[in-house]
1. Mind checking which strands (runs of 3 or more DSSP E) fall wholly inside segment 8-76 and carry at least 2 residues that are free of Cβ contacts under 8 Å to residues at least 24 places away in the same chain?
2. Regarding segment 26-36, can at least one residue be identified that is more than 14 Å from S121 (Cα to Cα) and at pLDDT below 95?
3. Could you list, in sequence order, all residues of segment 11-67 that are under 16 Å from Y107 (Cα atoms), surrounded by 16 or more Cβ atoms within 10 Å (Cβ to Cβ) and of a type in the set (S, T, Y)?
4. Could you please find all residues in segment 108-132 being more than 13 Å from the chain's Cα centre (by Cα) and either more than 14 Å from N70 (Cβ to Cβ) or assigned to a strand (DSSP E or B) (or both)?
5. Tell me which residues, restricted to segment 76-95, are at pLDDT 95 or above and of a type in the set (D, E, K, R).
6. So G103 passes all but one of these: (1) under 19 Å from I73 (Cα atoms); (2) surrounded by 14 or more Cβ atoms within 10 Å (Cβ to Cβ); (3) under 17 Å from the mean Cα position of the chain (by Cα). Which condition number does it fail?
7. Can you tell me which of I55, I126, I83, I47 is in contact with a helix residue (DSSP H, G or I) (Cβ under 6 Å, 6 or more places away or on another chain) and within 19 Å of K5 (Cβ to Cβ)?
8. If you take the residues of segment 89-99 that are closer than 16 Å to S45 by Cα and not hydroxyl-bearing (S, T, Y), which of them is farthest from the chain's Cα centre (by Cα)?
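The values are calculated or read from the model by the stated rules, or taken from the named source; none is laboratory data. A quick note: this is a predicted structure, and the numbers were derived from the prediction, not measured. Every residue, glycine among them, receives a Cβ derived from its backbone with ideal geometry; neighbour counts consider all protein chains shown.
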Amino acid sequence: MANIKLLFKEAVSQTSLTDVYQVNNTSKLVKIDLIIGDIGQASISTIKIDDEVLISEHLGTLTDFSVGRNKSIVNRFLNITTIVTDVNTEHDRTGIDFSITGGVNPYHYVLSKQVINQGDSVGYKIEIFFYK
């Protein structure tokens, strides 16, 4: 399988999200959803907490994925690198519907980018800092 860092550099465009998410001092799991869109688009994702790889080169949508317990991820960074490739012949939209639950409040954000040609890829980078 191709290296995701190389795919990110080769993508026709990139976009990013940097934000914070409040957690608490409990053992409750913090979970993410990474919904790939628009319909029919292909993707590959790598997810890390700081430098610890949680999942490498996952294909497609990821739901209800645990990134750790509230108290164990305080002052750490969630880093998600996703490449979305336009394979749908009906449109050239790519996107990610991203959400986090399990902390103080739910979090939701939608990223999207249009490509010019079918087969083009967009690199998406999400970085979330967990604070208490």
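1. Those strands (runs of 3 or more DSSP E) span 52-59.
2. So the first thing to find is which residues in segment 26-36 are more than 14 Å from S121 (Cα to Cα), and the list is 26-35.
Within this subset, residues satisfying the condition of being at pLDDT below 95 are none.
No, segment 26-36 contains no residue that is more than 14 Å from S121 (Cα to Cα) and at pLDDT below 95.
3. The one that is under 16 Å from Y107 (Cα atoms), surrounded by 16 or more Cβ atoms within 10 Å (Cβ to Cβ) and of a type in the set (S, T, Y): Y21.
4. K113, Q114, V115, I116, N117, Q118, G119, D120, S121, F129, F130, Y131
5. Hit for segment 76-95 is R76, nothing else.
6. (3)
7. Details: I55 fails: in contact with a helix residue (DSSP H, G or I) (Cβ under 6 Å, 6 or more places away or on another chain); I126 fails: in contact with a helix residue (DSSP H, G or I) (Cβ under 6 Å, 6 or more places away or on another chain); I47 fails: in contact with a helix residue (DSSP H, G or I) (Cβ under 6 Å, 6 or more places away or on another chain).
Exactly one residue qualifies, and that residue is I83.
8. Of segment 89-99, the ones closer than 16 Å to S45 by Cα are 94-99.
Remaining after also requiring not hydroxyl-bearing (S, T, Y): 95-98.
Numbers: G95: 10, I96: 7, D97: 8, F98: 7 Å.
Selected residue: G95.
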